[in-house]
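See structure below.
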Amino acid sequence: MNIHEYQAKDILQRFGVPVPRGEVASTPAEARAAAEKLGGQVVVKAQVHAGGRGKAGGVKLASNPDEAEKYAAGMLGTQLVTHQTGPQGVPVRKVLIAEATDIADELYLSIIVDGDLGVPVVIASTEGGVEIEVVAEKTPEKLFRVAGDPLLGLSPYHARDIAAALKVPASAQRATAALISNLYRVFVENDCSLVEINPLVITKSGDVIALDAKINLEDDALFRHKDLASLHDPEQEDELELRAHEADLAYVKLDGGRVGCMVNGAGLAMATMDITKWAGADPANFLDIGGSADEKRIEEAFKIIVSDKDVEIILVNLFAGIARADVVAQGIVNAAKETDAKLPMVVAMRGTNADEGRRILNESGLDISAAPDLAGAAEVLRDRLAGMKGGSR
Amino acid sequence: MSVLVGPNTKLLVQGLGRDGSFQASRMREYGTNMVAAVHPNRDGQKFEDVVPYFSTVKEAVAETGANTGVIFVPAAFAADAIVEQVDAGLELVVCISEGVPVQDMVKINAYVKQSNSRLVGPNCPGLIHPASKAKVGIIPGNIVKPGRVGVVSRSGTLTYEAIAQLVQVGLGQSSCVGIGGDPIHGTTFTDVLALFQEDDETDAIVMIGEIGGIREQLAAEFIHEHVTKPVVSAIAGQTAPPGKRMGHAGAIITGKAGLASEKNRVLTEAGVHVVESPAYIGAKMKEVLG
């Protein structure tokens, strides 16, 4: 789960990680009041779950409260489009008004769990303020990695080692090491999947401060962090992804595809997306209906797929183990009748009660082409696509 | 010989709620020697009138001599169940539960490594050994056939897919192992490849990977150095966009190494027979074995 910058900074502050003074505002008047209170220059930052805000006009330096109010008015209520959002952008409902910082140096700091090492890893770089993927690609020698330990966590020595690698001035070494230790606690104690400070800033007066902050929380651990779960902002999510999430379906909308995919199992769902490509069209979504989906959940899954205006044909690939093919088939038929969907379907159905599932679909009167298996589904899909108007879009 | 599960398996099932009970029935129906059921407050009762219930794994092992445990408890309690099974001395602990917090697994994997137990999973379909009719987990027993191809996969349904394709071209399976879709898991591709290489029932190996992580690359390195049996491999997720989690917690591309194309390149270099989609595994294996 993503949270906003202002929420991430609240958490950081609680764990003793210094951040610029700031206040969140929902109206231009509140933005003005916050700027007056902070005094001097302030930065107005759109609060959205997407990177690349600066280039998209979502971060502005205001030299007085009038300007802060003006910039806030220009952002609030709009859709911010960055290179990480779709063309429709994400809504700006809040702005963060933060005191401006005199920057002497910009650094980078993040923590993730490295699945292959099986522990959290701190990644640090002297190259802050740019996308870390670019640093990793062009100057990998400027990335410094230190693995935590399941028992020790991050020892103070490790934190000092990272601070030294960041080449911060001698006077800021201690504060930087403390910040790194505290950031590690933020990561572990809140069950984060990502904590990223980009940039971490050394100010002209020699202080170290987290100028920006990004925190992702692990969905699977939210059950033990009820306070953090309440930070969820559904408005920042894709509408269909949100609906799927509420129905307990693993769904990801993919831009530009026209083949709606409905599959059981994450691996098979990915393999099914892959074969649509070879059949000559892009997948419109990833969808795993899960192992024990009932008719209602199948109906909702089908409705989500047909609500996607990009979808022109549906590919159902089911290898029923725990799931039962007849239940899935009935769910599809119910939802198709309810939504009056006329989209053609290619269906491969195997495993538990597959014969019964195929019978239900055959007798439904829906436009269905049966496929024997995964490879067969690619061929049948290719034939159907060839017969459709528009060809490859 | 068999891989991890076989004629000597004496199974304990922990967590007999709706899914756990259903799957325990399927395991017994298939022929698995299930000797104990662990669930709170059912002492003195019997599962399907045959298998005794216990409240703790420790008691169950002492009474029945179980050597293998499978876990169906809810994800929030799965880490604790793994500790309980490890402490009771079970040689093999298989965790089917999906959604175990990653930071629980950081600690659990470290704990398991200093014990004598082996963990498979979490978030996995488990294992099956068709020749001895032993299955631990949820792989449908009616799709497998005894034979000489070993199957290892991160994905449950792609394990079934590979099995079905092998059967279609007339090839049975020696053992099948689902290692699970989570980023931190107990038994890795490399571990299972080593077991298949040693296994006298296995002539060839199917390995199905996914995007994310570098486990397939580590497997490629191991195959290049230690595996003499032919390996057919496929990676799911070529069309997955970077940075988006594809259902499995581990299936997310966070760098170049996580890409399907990169994994395929490294596997090909290691001498693996790489197919462009899991759809072509059966045909390729048939061709390789002639």
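The values are calculated or read from the model by the stated rules, or taken from the named source; none is laboratory data. It should be emphasised that the depicted structure is a prediction, and the values quoted were computed from it without experimental measurement. Reconstructed Cβ throughout: ideal geometry from the backbone, glycine too, with neighbour counts over all protein chains shown.
One line per residue, one yes/no per condition, for (1) closer than 24 Å to B:G147 by Cα; (2) in contact with a strand residue (DSSP E or B) (Cβ under 6 Å, 6 or more places away or on another chain):
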site: B:S2; (1), (2): yes, yes
site: B:N8; (1), (2): yes, no
site: B:R26; (1), (2): yes, no
site: B:Y30; (1), (2): yes, yes
site: B:R42; (1), (2): no, yes
site: B:F47; (1), (2): no, yes
site: B:E59; (1), (2): no, no
site: B:G65; (1), (2): no, no
Only one of A:A68, A:A98, A:A62 is small (G, A, S), in contact with a Phe, Trp or Tyr (Cβ under 6 Å, 6 or more places away or on another chain) and in contact (Cβ under 8 Å) with a residue 24 or more places away in the chain; which?
A:A62
In segment A:204-237, what residues are free of Cβ contacts under 8 Å to residues at least 40 places away in the same chain, away from every other protein chain (no Cβ under 13 Å) and of a type in the set (D, E)?
A:D227
Hey, can you tell me all the residues within segment B:164-187 that are at the interface with chain A (Cβ under 9 Å from one of its Cβ atoms) and assigned to a loop (DSSP other than H, G, I, E, B)?
B:G181, B:D182, B:P183, B:I184, B:H185
Would you pick out the residues in segment B:94-120 that are in a strand (DSSP E or B), hydrophobic (A, V, I, L, M, F, W, C) and out of contact with any Pro (no Cβ under 6 Å at 6 or more places or on another chain)?
B:V94, B:L119, B:V120
Sort through B:L259, B:L267 and tell me the only one that's buried (at least 24 other Cβ atoms within 10 Å of the Cβ), more than 9 Å from chain A (Cβ to nearest Cβ) and among the aliphatic types (A, V, I, L, M).
B:L267
Among the residues of segment B:133-158, write down those that are free of Cβ contacts under 8 Å to residues at least 60 places away in the same chain, closer than 24 Å to B:G15 by Cα and hydroxyl-bearing (S, T, Y).
B:T157
From the list A:V327, A:V380, which residue is within 30 Å of B:I96 (Cβ to Cβ) and either buried (at least 21 other Cβ atoms within 10 Å of the Cβ) or assigned by TED's automatic domain parsing to the domain that holds A:Y251 (or both)?
A:V327
Condition test on A:V90, is it β-branched (V, I, T) and in the same structural domain as A:D161 (by TED's automatic domain parsing)?
no
For segment B:188-214, which positions are of a type outside the set (S, T, Y), assigned to a helix (DSSP H, G or I) and within 15 Å of the chain's Cα centre (by Cα)?
B:F189, B:D191, B:V192, B:L193, B:A194, B:L195, B:F196
Do the conditions hold for A:D274, that is, is it facing chain B (nearest Cβ under 8 Å), among the acidic types (D, E) and outside any strand (DSSP E or B)?
yes
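I'd like to verify a number: residues in segment A:306-323 that are away from every other protein chain (no Cβ under 14 Å) and not in a helix (DSSP H, G or I), how many?
Within segment A:306-323, residues that are away from every other protein chain (no Cβ under 14 Å) and not in a helix (DSSP H, G or I) number 7.
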Answer with yes or no whether A:P156 is under 30 Å from B:I108 (Cβ atoms), touching a residue at least 24 places away in the same chain (Cβ under 8 Å) and within 14 Å of another protein chain (Cβ to nearest Cβ).
no
Determine, yes or no, whether B:A219 is part of a helix (DSSP H, G or I) and within 18 Å of the chain's Cα centre (by Cα).
yes
From the set of residues in segment A:278-297 that are modelled with pLDDT of 90 or more and more than 24 Å from the chain's Cα centre (by Cα), which is nearest to B:Y280 (Cα to Cα)?
A:A279
Looking only at segment B:121-144, filter to residues that are crowded, with 24+ Cβ neighbours inside 10 Å and part of a loop (DSSP other than H, G, I, E, B); which one of those is farthest from the other protein chains (Cβ to nearest Cβ)?
B:G121
